[in-house]
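K.L.:
Below are the structure tokens for one structure; questions will follow.
No lab work stands behind these numbers, since they all come straight from the coordinates. Remember, predicted model here, so these are calculated numbers, not experimental data. When we count neighbours, we look across all protein chains shown, and the Cβ atoms used for this are built from the backbone with ideal geometry, even at glycine.
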Amino acid sequence: MIPTSLKESDPLQSIVIEINHQTLKLLNGEHLTASYSISSSRFGLGSDEGSFRTPTGGFRICEKIGDNVPVWMAFKGRVPTGVIVPPGGDDDHVLTRILWLEGVDNENRNTKERYIYIHGTNQEDLIGTPASHGCIRMKNHEMIDLFDRVAIGTDVQIKP
């Protein structure tokens, strides 16, 4: 069995994130494989450095980080800290798994350098509302499910 981090991307598989519905859809061609609620930026949409906004357009997953770490594990600089963060609190923790996005459009080419991820959160109660600092947040168990289904190179569209 190939580890998920080394699995080749399926050219038919893609992710579509709809900001107006706060949803992430995993597709195989035109067939819906899975759907999850998400939380995008509370600061709105945009690609400006330091804006804490969620970028839109075309992306691809360039790195998968956190395979097999425990649920609720906190990351600092994309490295597991060894700290399990309980639900709640005001801090915007990156938890459980990370799918690092790389922009493929001219207007969002700085996405990787902005450290925009799809990741788990300690603020699961805010899923379904814009509340992040630019990233796409997911419930932790759903983040694991998505992480295990996708590969590096999977296409991602973020639509307003």
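K.L.:
With region 51-152 as the region, which strands (runs of 3 or more DSSP E) entirely inside it contain at least 2 residues that are aliphatic (A, V, I, L, M)?
P.N.:
So the answer is 57-65, 73-76, 79-84, 94-103, 136-138.
K.L.:
Same structure again: Can you tell me which residue within region 99-138, out of those that are surrounded by 24 or more Cβ atoms within 10 Å (Cβ to Cβ), without any contact (Cβ under 8 Å) to a residue 60 or more places away in the chain and among the aliphatic types (A, V, I, L, M), is farthest from R60 (Cα to Cα)?
P.N.:
Among residues in region 99-138 that are surrounded by 24 or more Cβ atoms within 10 Å (Cβ to Cβ), without any contact (Cβ under 8 Å) to a residue 60 or more places away in the chain and among the aliphatic types (A, V, I, L, M), the one farthest from R60 (Cα to Cα) is L99.
Here's the yes/no breakdown for (1) touching a helix residue (DSSP H, G or I) at 6+ places or on another chain (Cβ under 6 Å); (2) under 15 Å from R137 (Cα atoms); (3) of a type in the set (D, E):
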{"residue": "K25", "(1), (2), (3)": "no, yes, no"}
{"residue": "N28", "(1), (2), (3)": "no, no, no"}
{"residue": "S39", "(1), (2), (3)": "yes, yes, no"}
{"residue": "T54", "(1), (2), (3)": "no, yes, no"}
{"residue": "N68", "(1), (2), (3)": "no, no, no"}
{"residue": "A74", "(1), (2), (3)": "no, yes, no"}
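K.L.:
State all residues of region 15-34 that are in a strand (DSSP E or B), touching a Lys or Arg at 6+ places or on another chain (Cβ under 9 Å) and in contact (Cβ under 8 Å) with a residue 40 or more places away in the chain; if no residue qualifies, say none.
P.N.:
Within region 15-34, I15, V16, I17, E18, L26, T33, A34 qualify.
K.L.:
Tell me yes or no: at least one residue of region 74-95 is free of Cβ contacts under 8 Å to residues at least 12 places away in the same chain and either within 20 Å of I15 (Cβ to Cβ) or crowded, with 19+ Cβ neighbours inside 10 Å (or both).
P.N.:
The answer is no, given that none of the residues of region 74-95 is free of Cβ contacts under 8 Å to residues at least 12 places away in the same chain and either within 20 Å of I15 (Cβ to Cβ) or crowded, with 19+ Cβ neighbours inside 10 Å (or both).
K.L.:
Could you count how many residues in region 19-35 are crowded, with 16+ Cβ neighbours inside 10 Å and under 15 Å from the mean Cα position of the chain (by Cα)?
P.N.:
Total meeting the criteria: 5.
K.L.:
Could you tell me whether region 17-34 includes any residue that is among the β-branched types (V, I, T), over 24 Å from K112 (Cβ atoms) and touching a His at 6+ places or on another chain (Cβ under 9 Å)? Break it down into steps so the answer makes sense when it comes.
P.N.:
The first filter runs over region 17-34 and keeps only residues among the β-branched types (V, I, T), leaving 17, 19, 23, 33.
Right, trim to over 24 Å from K112 (Cβ atoms) and you get 33.
Filter once more, so that each one left must be touching a His at 6+ places or on another chain (Cβ under 9 Å): none.
Checked region 17-34: no residue is among the β-branched types (V, I, T), over 24 Å from K112 (Cβ atoms) and touching a His at 6+ places or on another chain (Cβ under 9 Å).
K.L.:
Any residue at all in region 43-64 that's of a type in the set (D, E), in contact (Cβ under 8 Å) with a residue 60 or more places away in the chain and over 23 Å from D105 (Cα atoms)?
P.N.:
no
K.L.:
Can you tell me how many residues within region 42-93 are of a type in the set (V, I, T) and within 23 Å of N20 (Cα to Cα)?
P.N.:
Residues flagged as of a type in the set (V, I, T) and within 23 Å of N20 (Cα to Cα) within region 42-93 amount to 3.
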